[in-house]
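Step one of this worksheet: look at the structure below.
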Amino acid sequence: MIGVVAATASGRTAAEALRAAWPDEVRLLTGQKAADALREAWRTCDAVVSFLAVGATVRVLAPLLGHKSTDPAVVCVDESMAFAVAVLGGHHGANLLARRLTGVLGCTPVVTTASDQSNVTPLDSWGAELGFTVHNPDLLAHVGAAVLSGEPVRLDGAEGWPLPPLPPNVSPQAPAGGHRVLVTDQAEHSCMCHQGWFDGALVYRPKSLVVGVGSARGVAAGEVAALVDAALASGELAAESVRCLATADLKADEEGILQVARERGWPVVTHPAAALAAVDVPNPSEVVRAEVGTPSVAEAAALLSAGGGALVVPKHKSANATAAVARLRPRGRLSIVGLGPGARDLLTPRAVTALQRSSVVVGLDQYVSQVRDLLRPGTRVLASGLGQEEERARTAVEEATAGHAVALIGSGDAGVYAMASPALEFAGPGIDVEGVPGITAAVAASGLLGAPLGHDHAYISLSDLHTPWEVIERRVTAAAEGDFTVCFYNPRSRARAWQLGRALGILAGHRPPSTPVGFVRNAARTDESVTLTTLAEFDPAAVDMFTVVVVGSSRSRTVAGRFVTPRGYRWA
Ligand code: SAH
């Protein structure tokens, strides 16, 4: 929830604009003194937009400041809507909010946190999306300064986690004994500690452990808690790294177990007995099988919830409970990211985020250069030339399978005549896949031509590289008979000159010569050109591979110089 506070007429107008733009998020605080409104917003909201001066805002909020990880983010916007200043909680939402405000108010974001200036992944949110927590945040500023100033910082334990990139001075090869970032679920008092493993390191706790628990009916919470603690201690494991507590469906209402989970803030995951029985465990029990239908609850549930991980603490027993701990095998992530047709403001904020949270970016060299300035320092770029689609797809999937956070990029939408399908044909179940949609060429062209896609339409690629011409022709004929508006991708190249003329000939057999034909070359790029003509007048020689061609249905018309396909409410 974003609390919005304004004191002047222009502030209130802008506040209303924000509410209209983000109705589910914005809460206007009006009808009281601005200072009171600000205090209430601070108390009740996750973020605050203040249309008051920075000074006034800071004076009101100063006595309320707590810690940056729990305080709301605060952005101040000046009276003329020129600037949105991230005042408090830059890395906890204010920088992002300042940038989002740009889209609604047109103001320029002003961001002063150091790592945002140099586009380096901020250490305080590194891994946060994977559930990482910082064990010793008092070291953040010190190690963060070393990261930003290019000093060697040794990175240990991060392998296999799909983390955002850190700059090249942060690496497993940096010398030991200096600055250090450590990802570990080992407890600080573990034997590694005695070897100086933790000394001076900024320690991140990954959510890598699953505690499996079984019990007799009516077990006391105290007994479960003591047993879980003993199991973690025997493996020298940190409770901060526990991601969930796993048990059998039968125990979903076992109050002793639920209470421990509640107290520790751990989610509870339960599994059917049959699923548990199928897991191979080191310490099965026939007594347990007779009672609950599986020879193991604690070990099996831990392993099952760890999704192919390994048991790190075998079954511990007390009078009425059992506990075991498994370590998760992290999964790499493949983001398939559409960059839009070209212009930066048609690249979605989600695509920017996906690029910046990826440590490996795979794509055609020209698309990589389109977004290179956005990539975080330390991003490994694997760019290749035209015609190496299959190799790019394979590379991206292999990198993700190796545990990295990978972005496979493509122009427009990466799923439209592009990389998503070849990549997902190779990808196995062992990685997470995220698709980030982009504005495809037909949609970008549509906006420039008018409203050609107002009724049913079809996309057809005229490239016979992947499809025999007979198949393409059959589809063009079907679209003609079905009276679809047709968007032609890959319409014409030097080696493929006659196909577009043939396709338009087929369409002309089913719609009038006055049917509008629009074509856009390099939509949303610097040399964009837009042409609107008719089936009778259209000259295929005027288009090339940088063009998308839109042919109207029999109902499409030109209205005031714009291409319009009626929605069809008044069907004649
Ligand atoms: N994934 C892309 C399409 C790749 S196929 C997308 O979703 O847009 C390549 C074809 O797309 C080109 O031959 C051309 O027909 C069309 N195209 C891609 N970008 C374009 C642009 N900016 N302007 C016009 N046509 C474009």
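The values are calculated or read from the model by the stated rules, or taken from the named source; none is laboratory data. Given the structure is predicted, the values throughout are model-derived calculations rather than measurements. Cβ atoms come from the backbone with ideal geometry, glycine included; neighbour counts cover every protein chain shown. Note: accessible area is taken over every heavy atom of the protein model, side chains too, but ligands, DNA and RNA are not part of it. Shrake-Rupley method; radii C 1.70, N 1.55, O 1.52, S 1.80 Å.
Here are the numbers:
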quantity: Value of relative contact order over the chain, rounded to a whole percent, pairs C-alpha under 8 Å and six or more apart; calculated: 9 percent
quantity: Partners for Lys317 among lysines (Cα-Cα distance below 17 Å; same-chain residues under 8 apart left out); calculated: Lys251
quantity: Rel. contact order, % - alpha carbon contacts under 8 angstrom, at least six apart, region 342-499; calculated: 19 percent
quantity: Residues whose placed amide H lies under 5 Å from that of Val312, excluding near-sequence neighbours; calculated: Val325, Ala326, Arg327
quantity: Cα-centred dipole magnitude for region 209-327, charges only on beta-carbon of K, R (+1) and D, E (-1), debye, nearest 20; calculated: 120 debye
quantity: Ala216 versus Ser514: modelled label distance in nm, points set 7 Å from Cα along the beta carbon direction; calculated: 9.0 nm
quantity: Whole-Hz couplings from phi, Karplus 6.51/-1.76/1.60, listed for region 29-45; x for Gly and Pro; calculated: 10, 10, x, 8, 4, 4, 5, 5, 4, 5, 5, 5, 4, 4, 6, 10, 10
quantity: √(5λ) per eigenvalue of the Cα gyration tensor, region 292-441, largest first, Å; calculated: 40, 15, 13
quantity: The chain - accessible surface per residue (Å², probe 1.4 Å); calculated: 45 Å²
quantity: Backbone HN-Hα couplings from phi across region 300-316 [Karplus 6.51/-1.76/1.60, Hz, Gly and Pro as x]; calculated: 5, 5, 4, 5, 5, 6, 7, x, x, x, 10, 6, 9, 10, x, 3, 9
quantity: Net charge contributed by nearby residues that have their C-beta within less than 15 Å of Val361 (K/R +1, D/E -1); calculated: +1
quantity: Square roots of five times the Cα gyration tensor eigenvalues for region 376-434, Å; calculated: 17, 15, 11
quantity: Net charge contributed by nearby residues that have their C-beta within less than 12 Å of Leu245 (K/R +1, D/E -1); calculated: +2
quantity: Gain on full stretching of the segment that runs from Glu40 to Leu65 - 0.36 nm per residue minus C-alpha separation; calculated: 7.6 nm
quantity: Highest average packing first - 444-451, 34-41, 505-512, Cβ atoms within 10 Å; calculated: 444-451, 34-41, 505-512
quantity: Counted charge near Phe519, where neighbours are those whose Cβ lies closer than 15 Å (Asp, Glu -1; Lys, Arg +1); calculated: -1
quantity: Amide H contacts under 5 Å for Met545, placed H, 5+ residues apart; calculated: Arg492
quantity: Calculated FRET value between Asp345 and Asp280, using beta carbons and R₀ = 60 Å, to 0.05; calculated: 0.65
quantity: Cross-link partners of Lys68 among aspartates and glutamates (Cα-Cα below 19 Å; sequence separation of 8 or more within a chain); calculated: Glu40, Asp46, Asp116, Asp124, Glu129, Asp138
quantity: Placed amide H near His455: partners under 5 Å, 5+ positions off or other chain; calculated: none
quantity: For region 404-417, Karplus couplings with θ = phi - 60° (6.51, -1.76, 1.60), whole Hz, Gly/Pro x; calculated: 7, 8, 10, 10, 9, 10, x, 6, x, 9, 6, x, 9, 6
quantity: Whole-number D in µm² s⁻¹ for region 286-352, Kirkwood Cα-pair radius fed into Stokes-Einstein, 25 °C, 0.890 mPa s; calculated: 158 µm²/s
quantity: Thr133 versus Glu159: modelled label distance in nm, points set 7 Å from Cα along the beta carbon direction; calculated: 2.7 nm
quantity: Arg567 paired with Ser493, simple spin-label distance in nm, labels 7 Å along Cα-to-beta-carbon; calculated: 4.0 nm
quantity: Stokes-Einstein D for region 442-564, Kirkwood Rh over Cα pairs, 25 °C, 0.890 mPa s (µm²/s); calculated: 174 µm²/s
quantity: The chain, helix-only ellipticity at 222 nm - DSSP H runs n ≥ 4, -39,500 (n - 2.57), divided by all residues, nearest 500; calculated: -8500 deg cm²/dmol
quantity: The chain, Rg to Rh (Cα coordinates; Rh as Kirkwood inverse mean 1/r); calculated: 1.05
quantity: Fraction of accessible area attributable to carbon and sulfur, the chain (%, probe 1.4 Å); calculated: 55 percent
quantity: Longest exposed-site-free window of the chain, the sites being chymotrypsin sites (Phe, Trp or Tyr not before Pro) in a DSSP loop that have at most 11 other C-beta atoms within 10 Å; calculated: 1-497
quantity: Degrees, to the nearest 10: 94-105 long Cα axis against longest axis of the chain; calculated: 20 degrees
quantity: Burial order of peptide ranges 57-65, 94-102 (average beta-carbon count within 10 Å, highest first); calculated: 94-102, 57-65
quantity: Evaluated at q = 0.12, 0.13, 0.17, 0.21 Å⁻¹: base-10 log I(q)/I(0), Debye formula over Cα of region 1-125; calculated: -0.38, -0.45, -0.79, -1.21
quantity: Degrees, to the nearest 10: 469-481 long Cα axis against longest axis of the chain; calculated: 80 degrees
quantity: Beta bridges per DSSP with both ends in region 333-439, % antiparallel, nearest 5; calculated: 5 percent
quantity: Mean Cβ neighbour count within 10 Å, used as a protection proxy, ranking 256-262, 342-348, 556-562 highest first; calculated: 256-262, 342-348, 556-562
quantity: DSSP-defined beta bridges in the chain - what % are antiparallel, rounded to 5; calculated: 40 percent
quantity: Selection from Gly342, Ala246, Gly293, by position along the positive dipole direction of region 240-342 (Cβ); calculated: Gly342
quantity: Where a label projected 7 Å from the Cα of Met545 along Cα→Cβ would reach, residues of region 471-508 with amide N under 18 Å; calculated: 488-501
quantity: Helix 9-21 vs. the chain, principal-axis angle (Cα, 0 to 90°, nearest 10); calculated: 90 degrees
